[in-house]
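**Q** Next up is a structure, given as structure tokens.
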Amino acid sequence: MFTLKALSRDSIAGALAKAERYRLLNEPAAAESICRDILEIDSGNHDALVCLVLALSDQIAQDKKAWQNGLAGADKLTNPYERAYYSGIVWERRAKALFHEGQQGRQHSIYEWVTRAMDCFEEAEKVRPAGNDDAVLRWNTCARFLNGNPQLAPRVQEIPDAILSE
């Protein structure tokens, strides 16, 4: 087993820029690793935590536990808007990853996860900073996704017929 090397505090800004670059290059595992290195020496680094949540959400299609880790990271955000907004992104990406797997019989789960994301975006919208409509844009994206995929629907609870006896 290898012992990880610690970053110097002076390198945090450059490391964070690299993490963001790796996300843009579609290398979220590298971005995640860098964010974890930053958080190891500066546990309260807001930008590293946000980048970590996004890097984890980028990996949901390949790593089934990434969504749980992404939600756990979003829960650590202290700003209520960001906590709701980034939680919504994690739920949305989880749903879309499952959708792109193309497995039959998962339509209800996908629908439920997208609507959970929409609930998060609505929560974020209520406490958003002035002039910030990011949560509205994400909610609309989810709505268009569901509108364009009518096979995705909520579960229907079947109510059993009453037993009529004398």
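No value in this document is a laboratory result; all are computed from the given coordinates. Given the structure is predicted, the values throughout are model-derived calculations rather than measurements. We place every Cβ from the backbone using ideal geometry, glycine too, and count neighbours over all the protein chains shown.
**Q** Going by a ≥ b ≥ c, the root eigenvalues of the Cα gyration tensor, does region 67-151 fall in the rounded group (a/c under 1.5), the prolate group (a/b larger than b/c) or the oblate group?
**A** oblate
**Q** Let me ask something else. What's the exposure ranking of Ser87, Ser43, Ser109, going from fewest to most Cβ atoms within 10 Å? Numbers along the way, then the final one.
**A** Numbers: Ser87 25, Ser43 10, Ser109 16.
Taking fewest neighbouring Cβ atoms as first place, the list is Ser43, Ser109, Ser87.
**Q** Then there is this: What lysines could a cross-link reach from Lys5, if we take a straight Cα to Cα line under 28 Å and drop same-chain neighbours fewer than 8 places away?
**A** Partners within reach: Lys18, Lys64, Lys65, Lys76.
**Q** Order these by the 10 Å Cβ neighbour count, fewest first: Ile41, Ile89. Please report the intermediate quantities before stating the final value.
**A** Values: Ile41 15, Ile89 21.
Going from least to most buried by this count: Ile41, Ile89.
**Q** Arrange Leu77, Leu54 by Cβ neighbour counts within 10 Å, fewest through most, would you?
**A** Exposure proxy ranking, most exposed first: Leu77, Leu54.
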